[in-house]
1. Give the total of Lys-Lys pairs in region 3-58 with Cα-Cα distances below 16 Å; include a pair only if its members are 8 or more places apart or on different chains.
2. If you take the C-alpha gyration tensor of region 248-386, multiply each eigenvalue by 5 and take the square root, what semi-axes do you get, largest first, in whole Å?
3. Given a Förster distance of 30 angstrom, what is the FRET efficiency for Leu319 paired with Leu363, based on the Cβ-Cβ distance and rounded to 0.05?
4. If only Cα atoms are counted, what is the Rg of region 150-258, and what is its Dmax, in Å?
5. For region 503-552 and region 6-65, compute the distance between their C-alpha centroids and round to whole Å.
6. For Cys497, Cys191, write out the residues from largest to smallest accessible area, computed with a 1.4 angstrom probe and no ligands counted.
7. May I ask for log10 I(q)/I(0) of region 272-329 at q = 0.28 Å⁻¹, from a Debye sum over the Cα atoms as equal point scatterers with solvent left out?
8. For Leu170, which sequence-distant residues (separation of 5 or more, or a different chain) have an amide H within less than 5 Å of its own amide H, given hydrogens modelled in the peptide plane?
Amino acid sequence: MSNESFVCRKCPYVCHLLYLLTKKENVKPFRVRKLLDLQAKIGMQPHLQALLSLYKFFVPTLISVSLPVRKKIYFKNSENMWNSALLAMRLRNQQPFPEPLKLVLGSASVRPLKRKLNSHSVIPVLNSGSYTKECGKKEMSLSDCLSHNRSFPLEQLQNFPQLLQNIHCLELPSQIGSVLNNSLLLHYINCVRDESILLRLYHWLSQTLQEECIWYKVNNYEHGKDFTNFLDTIIRAQCFLQEGFYSCEAFLYKSLPLWDGLCCRSQFLQLVSWIPFSSFSEVKPLLFDHLAQLFFTSTIYFKCSVLQSLKELLQNWLLWLSVDIRMKPLTSSLLETTLGGSMDSVSKLIDYVGWLSTTAMRLESNSTFLLHFILDFYEKVCDIYVNYNLPLVVLFPPGIFHSALLSLDTSILNQLCYIMHRYHKNLSAAKKNELVQKAKSEFNFSSKTYQQFNQYLTTMVGCLWTSKPFEKGTHIDLQILESAGIMEYKNSLNLVCHPSLLSYAASFLLQENLEERTINMGSIRGKKWNWYLEYLFSEGLQGLKLFIGSNIHHSSVP
């Protein structure tokens, strides 16, 4: 019993250490057997799963058991971050004035990062190692150095051709974090795709992010700029590689529940936009639920920043999926499993943003500023099928559609027209595509999607062209229109009388006679209607032009 208790207590720490130290040559059959025997005794545990996954990556033939594709957090971190945050809160509440906190943590707390006296950056300086001194001697030539050490001094790596010539004899520095500031070494990591290098980098990032975040939030506020610069460097590296780091993802899951939405806001939201693609159902309780709480209780500017970040996240996911699918053969099994689960995750992300947006519009009294960011997100959504060749079309919620359609801002209406035009193109292409027709039923677009789009389209044509709004598909209580003083509502909405276009109609009529004091909006009919359209298009309403060109026959001029 005592042995089993000891195994249960110490096993996670031992597995974590082995996970960090294991190389491909260390994976042996006897180690695999030991691990499987231990799993049979205590059951499948995250730390055992981590080691088995690593072994399976290095030597797939030795591991026959099925393992999840990827787990978010294999090894539980200590609760020091939470305890430190509680301690900071207590001390802050006891202070008569809001002064920066300088806490001395006890033995139970994480020690702050010890810095070198001359260090102004969290990221270490690039250093090739022991051979650097020898190569620096005047009497030793570069060729002698290379033949002696069989590795190229990293300090002398200056350009991309040099990297290509010496890529076979490069040795990464012992302080792996120094590569983040070197684009050539990032190129190298991206080319070789060595799992051991990525494991080293991810481990260093995990440890440094934890230490720096605790030190920044609790122990010494005056070094907050260093932490911000550190995050900026990580973000630049991710942008350069066009790939998110899993250690940053784990850092977000641990730190976002404690984040106040103010510290390093720009950096945190940029980290969110680079979360590697994974199941939305897994990410939601770890990240998006906490993000929603901050979203609803923060300012409109924070809401817009979150929507921008989620748009960039969607774009990164779509790019990754489109490239991944092109590299793999589109067999029926792939369409049924991998692609099906991927499309479900993307669809859930879009639905999540739709829920955030609809609620935010109510909270912010249908803000035009907020609506611009929402429609920017759906500009990306409406072109998924055509631009990324992915079998997915998701429409915006009714609350967003009607807010945009009845907006007093002309640019909002123009943007809505463009989005509806692109939805029309994507749905038409999807209907004609033979791949979608022959694939499994889960990839056939739902008839509800087409029905909802047709309802939206009918409502828009009624509001902008035929002066017959809200006759089909949309139910609005007539008493609401009467109480608003819109008795003749059927004639109150078209390209002339729409609230966002009234000023354009007035300017158009005044062009005929500048001295005219009264304007007859009803005179814009027949040929004058067509002239009015040309006037609107000349004013830069290209979204409106595309919508009318693809959805309305000009023979039906009012």
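The values are calculated or read from the model by the stated rules, or taken from the named source; none is laboratory data. Computed from a predicted model, the values in this text were never measured in an experiment. In this analysis, Cβ positions are derived from the backbone assuming ideal geometry, glycine residues included, and neighbour counts consider all displayed protein chains. The protein model used for the area step is the full one, side chains on, heavy atoms only, and it has no ligands, DNA or RNA in it. Shrake-Rupley method; radii C 1.70, N 1.55, O 1.52, S 1.80 Å.
1. Details: Lys10/Lys34; Lys10/Lys41; Lys23/Lys56; Lys24/Lys56; Lys28/Lys56; Lys34/Lys56.
Pairs that pass both the separation and distance tests number 6.
2. Details: eigenvalues 151, 65, 30 Å².
One finds semi-axes of 27, 18, 12 Å for region 248-386.
3. Details: r = 32 Å, r/R0 = 1.06.
So, using R0 = 30 Å, E works out to roughly 0.40.
4. 15.4, 48
5. So the separation of the two Cα centres works out to 72 Å.
6. Working: Cys497 40, Cys191 90 Å².
Result of the area sort, largest leading: Cys191, Cys497.
7. Each listed q maps to, in turn, -1.16.
8. Here Phe152 satisfy the definition.
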